Amino acid sequence: MQVLELARCEWVERRENVIALGPSGTGKTHVALGLGLAACQKGLSVGFTTAAALVSEMMEARDERRLLRFQKQMAAYKLLIIDELGFVPLSKTGAELLFELIAQRYERGATLITSNLPFDEWTETLGSERLTGALLDRLTHHVNILEMNGDSYRLAQSRARRAG
């Protein structure tokens, strides 16, 4: 599915997911923000966070006995964008909390995840093959995968500045 087609946000209405995979600097976050903006312009509620910040917030909410309220808030978004999954390995508890949230959103809301890791390396981030399998099973049931390839635009800009 092409980005322009995704920008119509029909996948959000159908509660499907998008996973953008590719190396750093290939535009995953840029595309995710653009799709989030398109959803906002259609009047849909959108949340944006990094995986590390989301897990940190969930652990803090759990410690403060407000996890259920936080999970309901995250589940209420029509589209939840989770950026940079795989950038930082998650603790066992963090991975379990992330799985819980994905399971709660399954077929109830659209989720967009960006990752610099291919699926077969997600276990390194999540720590458990069983948990990774269950998470991917839910995420990929109704999914549009964007494979972002190419050179880092940041590296290209840096080279252009030095050459110019």
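General remarks:
- Subset of the stretch 127-137 (residues that are in a helix (DSSP H, G or I) and surrounded by fewer than 16 Cβ atoms within 10 Å (Cβ to Cβ)): Glu129, Arg130, Gly133, Ala134, Asp137
- Lone unmet requirement of (1) touching a Lys or Arg at 6+ places or on another chain (Cβ under 7 Å); (2) without any contact (Cβ under 8 Å) to a residue 12 or more places away in the chain for Thr114: (2)
- Residue match in the stretch 138-146 (condition: within 18 Å of Leu54 (Cα to Cα), touching a residue at least 12 places away in the same chain (Cβ under 8 Å) and surrounded by 16 or more Cβ atoms within 10 Å (Cβ to Cβ)): yes
- Across the stretch 63-73, not a single residue is classified as surrounded by 12 or more Cβ atoms within 10 Å (Cβ to Cβ), at pLDDT 95 or above, under 13 Å from the mean Cα position of the chain (by Cα) and within 24 Å of Cys9 (Cα to Cα).
- Scanning the stretch 29-38 for residues that are more than 21 Å from Phe119 (Cα to Cα) and either under 15 Å from the mean Cα position of the chain (by Cα) or surrounded by fewer than 16 Cβ atoms within 10 Å (Cβ to Cβ) (or both) yields Leu33, Gly34, Leu35, Gly36, Leu37.
- When the residues of the stretch 1-28 are filtered to those that are surrounded by fewer than 18 Cβ atoms within 10 Å (Cβ to Cβ) and polar (S, T, N, Q), the one that is nearest to the chain's Cα centre (by Cα) is Ser24.
- Set Phe48, Phe87: member being modelled with pLDDT under 95 and either assigned to a strand (DSSP E or B) or among the hydrophobic types (A, V, I, L, M, F, W, C) (or both): Phe87
- Residue that is part of a helix (DSSP H, G or I) and within 22 Å of Leu4 (Cα to Cα), where the choices are Ala75, Ala39: Ala39
- Residue check, Leu80 at pLDDT 95 or above and within 27 Å of Leu4 (Cβ to Cβ): yes
- Taking each residue of the stretch 30-57 that is in contact (Cβ under 8 Å) with a residue 60 or more places away in the chain and looking for partners that are in a helix (DSSP H, G or I) and of a type in the set (D, E, K, R) with beta-carbon atoms closer than 9 Å, six or more apart or interchain, yields nothing.
- Taken over the stretch 103-121, the residue count meeting the criterion of being crowded, with 20+ Cβ neighbours inside 10 Å and in a helix (DSSP H, G or I) is 1.
The values are calculated or read from the model by the stated rules, or taken from the named source; none is laboratory data. If you're wondering where the values come from, they're calculated on a predicted model, not measured in any experiment. All Cβ positions, even for glycine, are placed from backbone atoms using ideal geometry, and neighbour counts span all protein chains on display.
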